[in-house]
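So the structure is just underneath, and the comments pick up after that.
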Amino acid sequence: GKMKSDNIVSGTLDVKTEGFGFLKRDDGGEDIFISQRNMGPALHKDRVQVNLWAVPKHKGKLCEGRVLEVLERYHKRIVGTLTEGGKFNYVIPDDLKISNDILITEDNRAQAKPGQKVVVKLEPKKDIREPLQGRIVAILGYAEDKGVDIDSIIYDMGIRFSFPDSVKKEAENISGEISEVEYEKRLDLRKKLIFTIDPEDAKDFDDAVSLERSDNGNFLLGVHIADVSHWVQANSDIDKEALERGNSVYLVDRVIPMLPEQISNHICSLRQGEDSLCYSVLMEVNSNGEVIDYDFKESIINSRFRFSYKEVQKILDEQKDNSTDTADKENNSCSDSLKKTINDMFSLNLKLRAKWRQKGLIDFTTLEPEVMLDSDGKPYDIKARDFLDSNNIIESFMLLANRTVAEHIQKIRETQEGKFPFVYRIHEKPNREKITELRRFVEVLGYDFNVGKKVKSKSFQRLIRQVQGTDHEYLVENIALRSMMKAKYS
């Protein structure tokens, strides 16, 4: 019979690794089931047009449909392995959700050899019945060659890893010299004891901290963030490229930065002994860990020290031992005021955490894996990354600075007529099914996890407290973490 137009819907495909998939409809209607043989040339995440044909007789069954046309390809490039077969060569995609092999004609193979990982650009399809065809646009190398696996992931995720020439040129033209005007108009904090604490292998230093005691015994905490906006102009090519990227990407063996290294590792890095432009969040915190006053300033700082977390930890540990051993005197290169500052930082961090725990902060002690690579880029070990008290200090201070900014913006928004938008990093409420699964799981292990009508972080806190120090600690914490929603920007 004739196809009625109301039988045609568009949407985005969600393909399962078994080969069938579901159409998530643009109009928000119920999903449509698409079997593998009705998928045609469409691939996972493509926008497609589908002809509905089988309407289910039973309740609860989904409509079925067939792909008529691919409206928009999601995968601009596909990573796979070139394989020779008789007259034709084809690429088998790495992504399990793409079950179609891609035909490569002799003119389109670009000297790639069988067994190599390649990047393929799909040719536009002329006929729905023809196999997918593509052109090889990059040869990554054999799968076991150094770094090829990571390259494959980078291409597959569509991560931009090289900067366009226009962006490089702009970055080279930024001198990084601080003008007289800036020195005059900014709050000068160069005389203050300000320093950075980062991982040992950090290449760029985005934030620095300072802490003093005021006469009334309160803490004066400074969090100083590199002022990138001074150097990168709005709507410049660098800015547009950064917008496309959205963030830096951290991979096992490298970082792909959001901004050219000239900016991220040099001009905007708060390097020891150099004057740097910052935005400073200055907070007065009382003995209960409450911010009673704050200010934001465009500032200029000069970082005194570049500490690693381990070095700061060593200073904290010395204080705990309070060793009277005279042999350790020569190691006393740190001045007393620096030691005092670092120990004050630790005690302020404890106060903040105690206060946040009452509000529902959940302290996970989960281990973060760190993959060790040899000189050929092959992993030879996976260690648990040490999470030290010194890591907690920085985490607490950054969190406090972000909260202070968020609350400040909230106050402004409440006084404004029209609410202007702002970006928050949030965790949504956990999904009910996952919580039920978690409850069943921990009850089998003999723990108690009562969740009422509303899922509260207090219930998680109680659960974590029960498992601490037991054999099940990491297991339960890990699964509890997974039952929560990932952080996202909102």
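The condition (being over 22 Å from Lys16 (Cβ atoms), touching a helix residue (DSSP H, G or I) at 6+ places or on another chain (Cβ under 8 Å) and modelled with pLDDT of 85 or more) is satisfied by just one residue among Arg66, Arg77: Arg77.
Scanning region 239-290 for residues that are among the acidic types (Asp, Glu) and under 22 Å from Ser166 (Cβ atoms) gives Asp239, Glu241, Glu244, Glu261.
Only one of the numbered conditions (1) touching an Asp or Glu at 6+ places or on another chain (Cβ under 6 Å); (2) open to solvent by less than 90 Å² (accessible area, probe 1.4 Å) is not met by Arg385, and that is (2). Do you know which residues across region 135-152 are in a helix (DSSP H, G or I) and in contact (Cβ under 8 Å) with a residue 60 or more places away in the chain? Once the filter is applied, which keeps residues that are in a helix (DSSP H, G or I) and in contact (Cβ under 8 Å) with a residue 60 or more places away in the chain, region 135-152 yields Ile150, Ser152. Here the condition is being out of contact with any His (no Cβ under 6 Å at 6 or more places or on another chain) and surrounded by 14 or more Cβ atoms within 10 Å (Cβ to Cβ); of Asn349, Asn431, it holds for Asn349 alone.
To keep it simple, each residue is scored yes or no on (1) open to solvent by 80 Å² or more (accessible area, probe 1.4 Å); (2) under 30 Å from Arg385 (Cα atoms); (3) touching a strand residue (DSSP E or B) at 6+ places or on another chain (Cβ under 8 Å).
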| site | (1), (2), (3) |
| --- | --- |
| Ala112 | no, no, yes |
| Leu122 | no, no, yes |
| Gly134 | no, no, yes |
| Ile150 | no, yes, no |
| Tyr155 | no, yes, yes |
| Ala171 | no, no, no |
| Leu189 | no, no, yes |
| Leu193 | no, yes, yes |
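Beta carbons closer than 6 Å, at least 6 apart along the sequence or on distinct chains, pair a first residue in region 287-311 that is part of a helix (DSSP H, G or I) with a second that is modelled with pLDDT under 95 and open to solvent by less than 70 Å² (accessible area, probe 1.4 Å) for Tyr309/Leu388; Tyr309/Ser390; Tyr309/Asn391.
Considering region 41-93, the residues that are among the polar types (S, T, N, Q), under 20 Å from Val119 (Cβ atoms) and free of Cβ contacts under 8 Å to residues at least 60 places away in the same chain include one that is surrounded by the fewest Cβ atoms within 10 Å (Cβ to Cβ), namely Thr83. Of all the criteria given as (1) in contact (Cβ under 8 Å) with a residue 60 or more places away in the chain; (2) on the phi < 0 side of the Ramachandran plot; (3) in contact with a strand residue (DSSP E or B) (Cβ under 7 Å, 6 or more places away or on another chain); (4) not basic (Lys, Arg), the one not satisfied by Phe33 is (1).
In region 212-231, what residues are among the aliphatic types (A, V, I, L, M) and crowded, with 20+ Cβ neighbours inside 10 Å? Steps first, answer last, please.
Filtering region 212-231 down to residues among the aliphatic types (A, V, I, L, M) leaves 220-221, 223, 225-226, 228.
Scanning region 212-231 gives Leu221, Val223, Ala226.
Here Phe420 fulfils each of the conditions (1) part of a loop (DSSP other than H, G, I, E, B); (2) touching a residue at least 12 places away in the same chain (Cβ under 8 Å); (3) within 29 Å of Ile292 (Cβ to Cβ) apart from (2).
The values are calculated or read from the model by the stated rules, or taken from the named source; none is laboratory data. Only a predicted model underlies this, so the values are computations on that prediction, with no experimental measurement involved. Cβ sites come from the backbone with ideal geometry, for glycine too, and all protein chains shown count toward neighbours. Please note that ligands, DNA and RNA were not included when accessible areas were found on the heavy atoms of the full protein model with its side chains. Shrake-Rupley method; radii C 1.70, N 1.55, O 1.52, S 1.80 Å.
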